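The structure under discussion appears below in the form of C-alpha cells.
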Amino acid sequence: MIKKHTIGKLINFLFLDDVLKDDIIFLKKIILFHGLPKRALAKIALIIFKKTYFPGEKIYKINQEANVFYIIRNGQIKLTENNLNKVIETENFFGEISLIENRNHTNEALALKESELYLIYRAKFENMVSSNIKIGFKVMKNLASLFATKNSSVL
C-alpha cells in the first residue's frame, strides 16, 4: 500500500512542467544546493533568469555592482583577476558572494564559447529566503562550507 504523503509528492512531481523538472534535476547537482528537497529546488528554479552569452561577450567587468549569482548550465566562462585566468565550465558557478554581500566585482567574467547561464539576483533570493528560512539556512550552510574549504586549501 502506498502512503498518503508519497502519493502527494508523486502528484506534485508529475504536474511540474518538463522545463521545471529539468531545472530541478540540474540544480540538485550544484554543491550550493546539496541537501535541499525538490520543493525547495523548485522555488529556486522559479526565481532563475536564464541568459545566453556568446563567445567574447562580457558577463560583468571589474568594479561593476555584484548582485547576481551565476550558474553555468552549459558553456565555458573565463574569470580574470590581476592577470590571472581561471576557466570554469558546465555545472560550476561564480559570483556566490553576491548572495550575501553588497559589493563590486573584483574580477571580470567573459564567455569563451556560447554559454547558457542561470542568474539568481540577490533581491529575488532574499525575498525567497524571507518566506522560507530553511532554504536560506541550508544554502548559507553550504556556502560557509565552501568558503571554509577554499580558505583551508589556500593555507
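Coordinate-derived values only; no laboratory data. Keep in mind that what you see is a predicted model, and the values were worked out from it rather than measured. Note that we place each Cβ from the backbone using ideal geometry, even for glycine, and neighbour counts take in every protein chain shown.
List the pairs from LYS38/LYS78; LYS28/LYS51; LYS29/LYS78; LYS38/LYS113; LYS21/LYS58; LYS113/LYS138 whose alpha-carbon separation is above 27 Å, in the order I gave them.
The pairs that break the limit, which is 27 Å between Cα atoms, are LYS38/LYS78; LYS38/LYS113; LYS21/LYS58; LYS113/LYS138.
Residues with beta-carbon under 13 Å from that of ARG103, excluding ARG103: net charge, scoring Lys, Arg +1 and Asp, Glu -1?
-2
Using modelled amide H (1.01 Å from N, peptide plane; none on Pro or chain starts), what sits under 5 Å from the amide H of GLN64, excluding residues fewer than 5 places away?
Those lying under 5 Å, H to H, from GLN64 are HIS105.
I need the calculated FRET efficiency for the pair MET140 and LYS78, taking r as the beta carbon distance and R₀ as 30 Å, to the nearest 0.05.
According to the calculation, E is roughly 0.60.
Provide the net charge surrounding VAL129, with neighbours chosen by a C-beta distance below 12 Å and charges set as Lys +1, Arg +1, Asp -1, Glu -1.
Taking every Cβ under 12 Å from that of VAL129, the sum is +4.
Contour minus end-to-end for LEU20 and ILE47, with contour as 0.36 nm per residue of separation and end-to-end as the Cα-Cα distance?
Gain on stretching LEU20 to ILE47: 8.6 nm.
Evaluate 2.2 N^0.38 Å with N set to the residue count of the stretch 56-155, then give the Cα radius of gyration divided by it.
1.11
Check the straight Cα-Cα distances from LYS124 and name the aspartates and glutamates below 19 Å, setting aside those fewer than 8 residues away within the same chain.
Result set, ordered by chain and number: ASP23, GLU65, GLU96, GLU101.
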